Structures are given as C-alpha cells and as structure tokens.
Amino acid sequence: MASIEEIREARLKKLKLLEEKGINPYPTTAHQDKTLKEAIDNFDTISEGGEHLHLVGRILSIRGQGKIIFFDFDDGTARFQAFLKHGEPTKVEDFELFQAAFDIGDFVEVRGTLFLTKKEEKSILVENLRMLSKSLRPLPEKWHGLQDIEERFRKRYLDLIASPEVKERFVIRAKIIALIREFYVNKGFIEVDLPNLQPLAGGATAVPFTTTHRALGMEFFLPIAQELYLKELLAGGMPKVFEMGKRFRNEGIDTTHNPEFTMLESNEAYADAASQRAFIEELFKFVVQGVFGKLEFEYDGQKISMSEFKVMKYPLLTSDEEYKKNIRPTLIQPTFIIDYPVAFNPFAKRKDDNPELIDRFQLVVSGVELVNAFSELNNPIDQSERYVAEDKKGAKGEKEISPSDLEYLEAMEYGMPPNGGIGIGIDRLVMLLTNVSNIKEVILFPTLKPKN
C-alpha cells in the first residue's frame, strides 16, 4: 500500500496536469441547482421532467472499468450516485479527464439528468463535470480510518468524514441548543450578550484563565460564570434573562471536564429554587421529547425516563468526596439533590426554616451533574459577609474562590429582586442525549495537549 506521502505526490502530478490543460482546480464559483437531499426527495418529478441539473459534492467512492464509471458523492445533505458513460452522454474529454485526474476526496460539479439504474438506484447521468477542489491527501478510509482517539479529536474534519455517526451527534447537539433557546424565549426570557473579558472572575468558585490588555495595561479574566452580570440586569429591571456561551475554568481535564465548555445561565426575578425545579423539569421534558419524540432514551446501557423526577436531600453526614464517589454514581434516573450546607455556595440564599442550609438544588442523571440552581442571595449585607469568608480562603492560598466584587455589591445595595438562578452544562446534557461518556466526543474541537 502506498504511503500518504506517495499518494500526495501522485495527486500533485494530477493537479499539475489539470493546470497544464488550462483548468483551474480551485474555481471561484460553483453551480448547484439543488442539494442532493432535494434531488433525492423530488427524484420522480425531476426525472420525469427530464430536467438538467447541476449537482455538487465530494467524491467518496469510485468504481467501474472501461467506458463506464460510477462514483458516489456527498454535499453534506445526502449521498448520491453519478454515472459516467464514455461519449454517450458523457463528453469524451470529461470522461478521460476524470480517469486521469479525479480522486476520492475531490469536490466536483456534475451536470446531467436523473435516472434509475437497472438495479433501481437513484443516479445522475453525467454529461459534463468540473473540478471544484482537488484534494491532495487521501480520506481516512484509504488508510484504515483514524485509529488514534486523540487523532480523531485533533483532526475532527476527518473524523466527521469517516464516521457519519459523529456528524449526526453534532447535528443533535445543534438541535438540543435550538430547543433550549426556543423554550426560554417562549417563557419570556431575553437572551443577552455578556463580556468575556472581565476585570474580576466571579459568580462561581473556580480558578480562572487570565489575559492582559496591552492598551489598558491591566489583567482581565475569562468568565468562569456570568451569574453576577445577569443579576445586575435584574436589578436594572430586566426580569428574565439568559446567556448561553463559553465558560473557561483553569482546571483538570477528564471525561466530564474540558477547560473551555458551554453553559447556559439564567436568572428570573421572583423565582426560587422550588419554582426553578419545576422549570427545569418542564425544560428537560421538552428537550427530550423534541430529540427522541418520547420521554425515554438509553444511556450507557440503561433506560432513562424523564417522565418522573425524584427529590433527595444532600447527605449532610457524608463528606462531599464520599457523596461524589459512592452516592452520586448510583443516581441513574433524574434526581434533584436539595438542601446543601451554606459553605457550598457563596451566592445562594439561606433557607428560611434552617439558616445552616441554602435553598439550592442540583439535577443528577446517570451519575452526572447537569444542573446547578438556587434561590439567589439578594441581601447585600449577607453577601458582603460571604465575600469576607471567600477572601479569607483566598488569603490562605485556596485557589477556587469567588473574590469580593464591590461593583456587584453596589448594584445589590440599589435593590435586587428575589430571584432564582440556573446553570446548565450543555456539553454534559449532549453527552447524555447522544449516549457518549467522554466530553471530548461532544465538543467539536476539545482542548488537547499539542503534539511534540
């Protein structure tokens, strides 16, 4: 078998051949009358009418011999078959050029009529064809696919070509995000854009990424959360706001953590943890129904049902490490964990009937935390005291704190309505609904260590 470099050298010769014949192997324009999916869906009408079509796509396979060639091509919407017949109707020069210079991986434009082969395969009978983009390297299947998992993530464009199920996973991801947005907008929320360069990393307890602005001569932080900005908007009279975007936490990488991830955060005036639990339950049912057409699906060999959500109190007599290791993994069906100690979050409101606990919940499904939400603290005095406690931790060397934000405290002192806040890990939700156990499988370009 030829090496990749040998194949590349052979294709460079074909590129030169095209150029010597006065053919631009990378033309500016392409003619596309219909997508391949449209051609397939309307095949009977088009073929009966004898309409000539321009179709485009990437060649995925070539077969045939002598004066007959079949090839399959794909434009991203569907895969279709093209049929070349030397001189009738395919022009001789086009047929011979295809044999001499076209390869699997090339993007082509064909013109012809639709017909059914003797095996009743929907095809286009090619009269003319044109090179749109000459590929210089072989597609993965020519060298047995991408065997190295890291290489799959590093060269996602090849992963998408070699594995249709990978592409489908990201199509589903886009659908999930669209459904979430639809739900929030229908509930009266306004989607807002918040800064990604922040003078203070607040709203959560995590180690931030830093960057320097040269003109201002100051350090900025990438957002670990957008919660504080959202609550300032509530103080300004916007009662329902959300943002879905990138968050950055300078932490370790494992199967459920990537330093750059996607999160939805929302805040709703006059809501509390109880009403937010009902909101989340309705949202998740809406999304799952929209993706699967039902409330049941499978994850990691187990059937998950969104028809019922359980509620469980956080085990106060158990260490957080023991909870995460021994209890959380056993929670397969949707379970709300409620009633956490105050120390767990510096922004959650204390419970009226027990000030030692905060009015907070997390949603766990199949052992994975998907949602963090709580009744937001709107008492500036209590918030100031919580900040003092966080700053003391920082002074002792603890990295994952939420430092005092005097501008946010000032906003609170102008008056902030009681409100509920929600954070949803979008990547983890997509993992659940696409049945994968590694977060890198649902991020198109995950964070990877550079190759040496």
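The values are calculated or read from the model by the stated rules, or taken from the named source; none is laboratory data. All values derive from a computational prediction rather than experimental measurement. As a convention, Cβ positions derive from the backbone with ideal geometry for all residues, glycine included, and neighbour counts pool all protein chains shown.
Quick notes
- From the options 324, 285, residue that is assigned by TED's automatic domain parsing to the domain that holds residue 190 and modelled with pLDDT under 95: 324
- Within the range 29-48, restricting attention to residues that are β-branched (Val, Ile, Thr) and over 31 Å from the mean Cα position of the chain (by Cα), the residue that is surrounded by the fewest Cβ atoms within 10 Å (Cβ to Cβ) is 45.
- Cβ-Cβ contacts under 7 Å between residues 6 or more apart (or on different chains), taken from a first residue in the range 340-366 that is in contact (Cβ under 8 Å) with a residue 24 or more places away in the chain to a second residue that is in a loop (DSSP other than H, G, I, E, B) and among the basic types (Lys, Arg), are listed as 359/349.
- Matching residues, the range 78-106, being part of a loop (DSSP other than H, G, I, E, B) and either more than 24 Å from residue 137 (Cβ to Cβ) or touching an Asp or Glu at 6+ places or on another chain (Cβ under 6 Å) (or both): 78, 87, 88, 89, 91
- Residue under evaluation residue 134, criteria (1) outside the structural domain of residue 10 (by TED's automatic domain parsing); (2) buried (at least 18 other Cβ atoms within 10 Å of the Cβ); (3) of a type in the set (D, E, K, R), criterion not met: (1)
- Yes/no for residue 299 being out of contact with any Asp or Glu (no Cβ under 8 Å at 6 or more places or on another chain), of a type outside the set (Asp, Glu), farther than 30 Å from residue 208 by Cα and surrounded by fewer than 14 Cβ atoms within 10 Å (Cβ to Cβ): no
- Residue 40 being closer than 21 Å to residue 160 by Cβ, outside the structural domain of residue 160 (by TED's automatic domain parsing), assigned to a helix (DSSP H, G or I) and touching a strand residue (DSSP E or B) at 6+ places or on another chain (Cβ under 8 Å): yes
- Among residues of the range 242-284, those that are out of contact with any helix residue (DSSP H, G or I) (no Cβ under 6 Å at 6 or more places or on another chain), in a helix (DSSP H, G or I) and surrounded by 16 or more Cβ atoms within 10 Å (Cβ to Cβ), counted: 7
- Flag for residue 16 being surrounded by fewer than 14 Cβ atoms within 10 Å (Cβ to Cβ) and outside any loop (DSSP other than H, G, I, E, B): yes
- For first residues located in the range 390-404 and in contact (Cβ under 8 Å) with a residue 12 or more places away in the chain, partners that are of a type in the set (Asp, Glu) and lie 6+ apart or on another chain with Cβ distances below 6 Å form the pairs 401/390; 402/390; 404/391.
- Among the residues of the range 168-193, those that are among the aromatic types (Phe, Trp, Tyr) and in a helix (DSSP H, G or I) comprise 170, 183, 184.
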